Amino acid sequence: MTERKGDNPALQHERLDKVLVQVEDELNSMALRFKESQASESVAVFEVYQYILKDPVFIGLIREQIERGWIAGSAVKRVCEKQIAQFSSMSDLYLRERAADIRDLGQRLLTRLIHEDDGLLTLAEPIILVADEISATLIAEFPRGKLKGIVSARGSINSHAAILARAMGIPAVMGIDHSFELLEDRTLIVDGYSGELLVEPVASIVREYRQLIVEEEQMDELFATVRNEPSVTLDGVKVSLLLNAGLSADSDIGMNDCADGVGLFRTEIPFMMRDRFPSEQEQVTSYRRVLTSYVGKPVCMRTLDVGGDKQLPYFPIVEENPFLGWRGIRLTLDHPEIFLVQLKAMLRASQGLDNLSIMLPMVGSLDEVRVARRLMDRAWREVSAETVDQQGVVRYPSLGVMIEVPSLLYLLPELSPLVDFWSVGTNDLTQYLLAVDRNNGRVAGIYDALHPAVLKALQQIIDTARRYGKPVSICGELAGDPIGVLVLLAMGYRRFSMNNSNLMRTRYIVRQSSSTELQALLEEALRHQHTGAFKGVFARYLEERGLGGLLRGGR
Ligand code: PEP
Ligand code: MG
């Protein structure tokens, strides 16, 4: 955000007063809710925020900046940035953590000021969004079609914001070190394939990129030709292509009549877009909309997976290592009231439809599954009792787990009788197996879902699943990756869940491939010691089928 001066300090003081009251109200009601649910740690966080908000020194500093001519948003930004820098450099851990409080509070104030200021959400022109940190919720707030590119200083191609951008077909460059103020109103090219940002490119480069866009459109037309064809390989192996949905606010559900169902419905966004937990009835309405869009086809809903890079604004979790912290099932089992409401909402939404299955994220131990199963039994009993006089039964849904925490790789035989299906989350499995933060651009170069260790894990999962007769799918980004799907097919996987944009392309690739050839290719590729050479074997296979264009920039 560029800092700006204005010519009416009195108006700016007024605007500041208004948002201070709004944010204070917001914090009061959140604190009250957590007091009711006895979540004392969270209450303490809100109390700290309220204390800062009333601190005459903090507010005085902002007013001082307004007196110097800065508009309210810029004044808040300047003061917060200075305080964050000061607190971050302190040796005392408690004081260092205050930096995160100031950042969060500052963002709350700024969000309200910016939305009031710029009318950001009613954009007249298409834009490229450039920001220090871009979350999935921020993207979801923009109208479709207006957002043409995304540039974020933080995050990496595996962050949820980047996954959503890919799903929406918007090029994104994450984790880029640039002086963002210099980018305002400049011509930019966002190359999502190579991860490069080009500023004020010369005419010949612009021409080259325009040509690339035309080629991409031609490829899409080619992929659209298989829209009504079955997903079957040249040698007759039938596969299921399912949809990953839920990351986008205006819901990508219901649009894809050629998906075989929904393999992963992420439920976090409706929780993230509000200023409080959605009620059971609100959840029922949104889940029912999804389930009725896929009548007769399976829909796999995942229970809340917040934490990591997905934060609830009204339930801030401040941790040194958020991806190793209070995430997914860990949080919901510690708060069974949240978990039960969500399970009951899913069950109620499925009444009479018979197409719901439920999946648990971030499971790392068998006990977590056992406790979750008990809560599911309870939710089902309660919903069944309440709906006994109504039309349409509530069927007990299949229950599955995401295989994404490496401990499960060693527990698969014991896990098998406890659940009905598995779904491999390659995004997190790769992060945790390789100890590479999926959200950190600095180590993005060594995040590799085709690393030999990940390949061994994937082979082990499908072999074990077959031995135990357990249905298994892949719902991480690897399933929609052109090389990834070939490798997975060769290993024996037959169910793939991916975003809307990749579905048709993957069907086209599947229909051009022979599973017998791919098995031989995998054997050959595994003889190579280097990932580059391994990928090269499959890249050639794609090139021979005129699909080399899909591998631009190595992705
Ligand atoms: C995964 O981890 O691969 C996955 C599909 O879940 P998410 O990206 O939401 O963590
Ligand atoms: Mg995951």
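Details
- Meets criteria (within 16 Å of ligand 1 (Cβ to nearest atom), open to solvent by 50 Å² or more (accessible area, probe 1.4 Å) and within 30 Å of Y410 (Cβ to Cβ)) for L324: yes
- Residue match in the range 333-351 (condition: within 16 Å of ligand 2 (Cβ to nearest atom) and assigned by TED's automatic domain parsing to the domain that holds A435): no
- When L408 is tested against (1) in a helix (DSSP H, G or I); (2) more than 16 Å from ligand 2 (Cβ to nearest atom), only condition (2) is not met.
- Scan of the range 371-408 for residues that are within 30 Å of D437 (Cβ to Cβ) and open to solvent by 30 Å² or more (accessible area, probe 1.4 Å), ordered by number: V371, S407
- Scan of the range 397-432 for residues that are farther than 14 Å from G364 by Cα, over 17 Å from the mean Cα position of the chain (by Cα) and in contact (Cβ under 8 Å) with a residue 60 or more places away in the chain, ordered by number: D420, F421
- The residue list T506, T516 contains one member that is open to solvent by 10 Å² or more (accessible area, probe 1.4 Å) and in a helix (DSSP H, G or I), which is T516.
- Residue within the range 408-421 that is within 11 Å of ligand 1 (Cβ to nearest atom), not aromatic (F, W, Y) and not assigned by TED's automatic domain parsing to the domain that holds S156 present: no
- Matching option when the condition is away from ligand 2 (no atom under 16 Å from the Cβ), more than 24 Å from G549 (Cβ to Cβ) and open to solvent by less than 60 Å² (accessible area, probe 1.4 Å), among V173, V237, V206, V232: V237
Here's the yes/no breakdown for (1) in a helix (DSSP H, G or I); (2) over 20 Å from D481 (Cα atoms); (3) modelled with pLDDT under 90:
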site	(1), (2), (3)
V226	no, no, no
D257	no, yes, yes
E282	yes, yes, no
T285	yes, yes, no
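- Condition check for E81: part of a helix (DSSP H, G or I), open to solvent by 80 Å² or more (accessible area, probe 1.4 Å), modelled with pLDDT of 85 or more and in contact with a Gly (Cβ under 9 Å, 6 or more places away or on another chain): yes
- Qualifying residue in the range 415-429 (condition: within 13 Å of ligand 2 (Cβ to nearest atom), open to solvent by 10 Å² or more (accessible area, probe 1.4 Å), closer than 25 Å to G261 by Cα and outside any strand (DSSP E or B)): yes
- For the range 433-443, taking the residues that are away from ligand 1 (no atom under 14 Å from the Cβ) and not in a helix (DSSP H, G or I), the one that is farthest from the chain's Cα centre (by Cα) is identified as A435.
- Residues that are within 12 Å of ligand 1 (Cβ to nearest atom) and of a type in the set (S, T, Y), drawn from the range 459-478: S473
- Odd one out for K456, checked against (1) in contact (Cβ under 8 Å) with a residue 24 or more places away in the chain; (2) charged (D, E, K, R); (3) more than 16 Å from ligand 1 (Cβ to nearest atom): (1)
- Residue that is surrounded by the fewest Cβ atoms within 10 Å (Cβ to Cβ) [pool: residues in the range 138-158 that are closer than 25 Å to G445 by Cβ and within 16 Å of ligand 1 (Cβ to nearest atom)]: I157
- Verdict on F271 being farther than 16 Å from S497 by Cα and open to solvent by 10 Å² or more (accessible area, probe 1.4 Å): no
- Residues being in a helix (DSSP H, G or I), open to solvent by 10 Å² or more (accessible area, probe 1.4 Å) and modelled with pLDDT under 90 are entirely absent from the range 305-314.
- Identity of the residue in the range 471-494, touching a Gly at 6+ places or on another chain (Cβ under 7 Å) and either of a type in the set (S, T, Y) or not in a helix (DSSP H, G or I) (or both), that ends up farthest from G425 (Cα to Cα): S473
- Residue identified as of a type in the set (F, W, Y), away from ligand 2 (no atom under 16 Å from the Cβ) and either assigned by TED's automatic domain parsing to the domain that holds P417 or in a loop (DSSP other than H, G, I, E, B) (or both) among W380, W326: W380
- Any hit, the range 293-315, residues being within 16 Å of ligand 2 (Cβ to nearest atom), in the same structural domain as L478 (by TED's automatic domain parsing), within 19 Å of the chain's Cα centre (by Cα) and of a type in the set (F, W, Y): no
- Residue check, V363 more than 16 Å from ligand 2 (Cβ to nearest atom) and either open to solvent by 40 Å² or more (accessible area, probe 1.4 Å) or part of a loop (DSSP other than H, G, I, E, B) (or both): no
- Test result for V190, part of a loop (DSSP other than H, G, I, E, B) and either in contact (Cβ under 8 Å) with a residue 40 or more places away in the chain or at positive phi (or both): no
The values are calculated or read from the model by the stated rules, or taken from the named source; none is laboratory data. Note that this is a predicted model, so its numbers are computed, not measured. All Cβ positions, even for glycine, are placed from backbone atoms using ideal geometry, and neighbour counts span all protein chains on display. Heavy atoms of the whole protein, side chains included, go into the accessibility calculation; ligands, DNA and RNA do not. Shrake-Rupley method; radii C 1.70, N 1.55, O 1.52, S 1.80 Å.
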